[in-house]
Amino acid sequence: MLHTSGMYRRWPVLALWLTATAGLALFSARTAYAMHIMEGFLPPAWAAFWFAVAVPFWVIGFIQIRRLVKEKPESRLMLGLAGAFAFVLSALKLPSVTGSCSHPTGVGLGAILFGPFVMSILGGIVLLFQALLLAHGGLTTLGANAVSMAVVGPLAAWGVWKGLQGRLPEDGVVFLAATLADLLTYVTTSAQLALAYPDPVGGFVASFAKFGAIFAITQIPLAISEGILTVLIFRALRQTAATELKALGVQGA
């Protein structure tokens, strides 16, 4: 079994930052009209459809997490870190136009560490707690929000990580993975909204362009910022948890 006592000793600052930021998000919570699709906004048929899309990823993710925790119980700390990172970042809201908000997603780090299916579970848990505690998103729209942030985003990050690893500097690959995961989350949400509410004249395409344009103003710089932050966190993990990263097949593979 891996020895993680050193990692526990070297993480107090990171743990304190995550806890303090999460607490700030909780105590400053108010009704959110953000890119998490809010409660009751989707027609029931579309809400049910996106749940049906998300469920297979959750099933596979649950199986993988159960196997991971059984075979590598020391990975629970890293699982908690990935979930906390996603919760903190996706709870931070930046006002956009027309009274809406944009926010980071934080799913790129977990996808790099554990793959897209495990991150679909962590992201789903994050979205559930945000819906219950922060009024950010909703229960009926949990499936749709999970598909965009906890399925498509992690798949994008994992694809970039696997496809470019060894071809570009590692920091560059981490940056691209986290940035693209953020951007594709919002592209997916824009498509979900456009499918549910097509433009009376231009149909899906016009509605998709309208929703996408609203959030592009703030989401593009947010995605770049998230990419930079994920690189910094990944560097910290290389220094403080190199053994754990190697055990997960992330470093030195």
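Structure summary
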{"read-out": "Tally of residues being among the hydrophobic types (A, V, I, L, M, F, W, C), without any contact (Cβ under 8 Å) to a residue 24 or more places away in the chain and part of a helix (DSSP H, G or I) across the range 189-215", "value": "9"}
{"read-out": "The range 129-145 - residue that is assigned to a helix (DSSP H, G or I) and of a type in the set (A, V, I, L, M, F, W, C) and, of those, surrounded by the fewest Cβ atoms within 10 Å (Cβ to Cβ)", "value": "LEU132"}
{"read-out": "Hey, THR230 closer than 23 Å to THR185 by Cβ, surrounded by 16 or more Cβ atoms within 10 Å (Cβ to Cβ) and not small (Gly, Ala, Ser) or not", "value": "yes"}
{"read-out": "Any chance GLY106 is under 10 Å from the mean Cα position of the chain (by Cα), at positive phi and not basic (Lys, Arg)", "value": "yes"}
{"read-out": "Some residue of the range 168-179 being touching a strand residue (DSSP E or B) at 6+ places or on another chain (Cβ under 9 Å) and at pLDDT 90 or above", "value": "yes"}
{"read-out": "Flag for LEU248 being more than 30 Å from TRP46 (Cβ to Cβ) and within 15 Å of the chain's Cα centre (by Cα)", "value": "no"}
{"read-out": "Residue within the range 114-126 that is more than 24 Å from LYS162 (Cα to Cα) and surrounded by fewer than 18 Cβ atoms within 10 Å (Cβ to Cβ) present", "value": "yes"}
{"read-out": "Meets criteria (within 15 Å of LEU81 (Cα to Cα), without any contact (Cβ under 8 Å) to a residue 12 or more places away in the chain and not in a loop (DSSP other than H, G, I, E, B)) for LEU245", "value": "no"}
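The values are calculated or read from the model by the stated rules, or taken from the named source; none is laboratory data. In this text the structure is predicted, and so the values were computed from the model without any measurement. Here Cβ is always computed from backbone atoms with ideal geometry, including for glycine, and neighbour counts include all displayed protein chains.
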